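Trainee: There's a structure below that I have some questions on.
What follows draws every value from the coordinates through simple rules; no lab data is involved. Quick caveat: nothing in here was measured; it's all calculated off a predicted structure. Reconstructed Cβ throughout: ideal geometry from the backbone, glycine too, with neighbour counts over all protein chains shown.
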Amino acid sequence: MKKILLSFGFLGLIASASAQNVVNGNFEATATDLLPGIATDCPGWGQGLYTMEITAPFAGMQSAKLRSIVDPMVAGVIGSLSDSIPGLLQQEINGSFTNAGSQPLMFTEKHVVVMGDTSVVFAQFSDTMGAGPNDDVVMFQAYGLYAGTSNTWTTVSIPFQQFGMGTANRLTIIACTSTAYLFGGGPALPGTQLWLDNVSIGATSSITELSTEINVYPNPSSDIVNFEASEAISSVILVGMDGKFAASTTESSMNISTLPNGIYFYTLTTVSGQKLTGKVTKI
């Protein structure tokens, strides 16, 4: 995935903290409604386009709920070029991180994603010590992409991939109901919903890490791409560089012959809920 640079005008949208892990990752701290049903201010996560799910949370008293909507007034407030806007929350943690990228991004989620879009949960370690505002070095990234419907809470563990070298001093975590909107590929599709809870980096979990990495071949490919992991595959989702949904399968192979040439990002989910991510090149 490419570097995340968001330009929402929503006041205080990014919550900054100095800590070694996610602040209020279980969303149990008292939240304040800013725009009922649309926007919330919650400790650790700050102001964002999300609400608190109190009717059927995963655990405790509440979870986070994000949804894509059409709202010209809110779109104007956040400076969106489209009236169709996504649900979005994010947290920025500044400090010194020991062994950054060695522990997985973990969270529990469920989702209802409108056909043609995907939702994303994303984490990134960066080195921001460069002199200029655009000199940040992306060191590690982990992300999960979601399409279709899953009404069951699922706990996932996503390993980080290394992209650069440096000294990690910032962790950014983002959840968004529209990957396309987040990466500038188009408007959010109204109706998509994403629920989120227990966000952490390397917390204790009952999930067993996969003993081997995924094998994807041939890559690059002009037609069939095969996916192999150490356990059975539940699904594979593919999105383009613009964040738009490209293809999905519940099989261990995917035909990409009809896709335009270029780089695509995949999220592979195994039957136990493990998620592995990477890139496929169509030639």
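Trainee: Counting residues in region 215-282 as N, plug N into 2.2 N^0.38 Å and put the Cα Rg over that result.
Mentor: On the way: Rg = 11.0 Å, N = 68, 2.2 N^0.38 = 10.9 Å.
Ratio of Rg to 2.2 N^0.38 Å for region 215-282: 1.01.
Trainee: Between L35 and A59, how high is the FRET efficiency from 1/(1 + (r/R0)^6) when r is the Cβ-Cβ distance and R₀ = 22 Å? Nearest 0.05. Intermediate results must be reported in sequence, preceding the final value.
Mentor: Values: r = 26 Å, r/R0 = 1.18.
The computed FRET efficiency comes out at 0.25.
Trainee: Shifting gears a bit: Report the calculated FRET efficiency for N219 and V271 (r = Cβ-Cβ distance, R0 = 22 Å), to the nearest 0.05.
Mentor: Working: r = 23 Å, r/R0 = 1.04.
The value I calculate is 0.45.
Trainee: Scanning the chain for GluC sites (Glu not before Pro) in DSSP loops with at most 15 other Cβ atoms within 10 Å, what's the longest stretch left with none? Intermediate values should be presented prior to the final figure.
Mentor: Details: sites that count: E209, E213, E231, E251.
Counting only loop sites that pass the neighbour cut-off, the longest clear stretch is 1-208.
Trainee: With a 10 Å Cβ neighbour count serving as the proxy for reagent exposure, in which order, fewest first, do W153, W45 appear? Could you put the intermediate results ahead of the total?
Mentor: Values: W153 16, W45 28.
With the sparsest Cβ surroundings first, the list reads W153, W45.
Trainee: Then there is this: How large, in Å, is region 67-174 by the Kirkwood hydrodynamic radius built from its alpha-carbon pairs? Please list the in-between numbers first.
Mentor: Numbers: mean 1/r = 0.0631 Å⁻¹.
Value: 15.9 Å, from the Cα pair sum.
Trainee: While we're on this one: What FRET efficiency, computed as 1/(1 + (r/R0)^6) with R0 = 35 Å and r the Cβ-Cβ distance, is obtained for S253 and S102, rounded to the nearest 0.05?
Mentor: Details: r = 32 Å, r/R0 = 0.90.
About 0.65, to the nearest 0.05.
Trainee: Place +1 on the Cβ of every Lys and Arg and -1 on the Cβ of every Asp and Glu in the chain, take the dipole about the Cα centre, and give the residue among V271, G79, V199 whose Cα lies farthest towards its positive end.
Mentor: Positive-most Cα among the choices belongs to G79.
Trainee: Let me ask another. Which order results if M254, M73 are arranged by neighbouring Cβ count within 10 Å, fewest first?
Mentor: On the way: M254 24, M73 9.
Taking fewest neighbouring Cβ atoms as first place, the list is M73, M254.
Trainee: Under a straight-distance cross-link criterion of Cα-Cα below 16 Å, which aspartates and glutamates are reachable from K282, leaving out those fewer than 8 residues away in the same chain?
Mentor: Within reach: D223, D242.
Trainee: Name the longest site-free stretch of the chain, where the excluded sites are trypsin sites (Lys or Arg not before Pro) in a DSSP loop with no more than 15 other beta-carbon atoms within 10 Å.
Mentor: Formally, the longest exposed-site-free interval is 4-283.
Trainee: I need M106, M241 ordered by Cβ neighbour count within 10 Å, fewest first.
Mentor: Details: M106 22, M241 16.
Fewest-to-most Cβ neighbours within 10 Å comes out as M241, M106.
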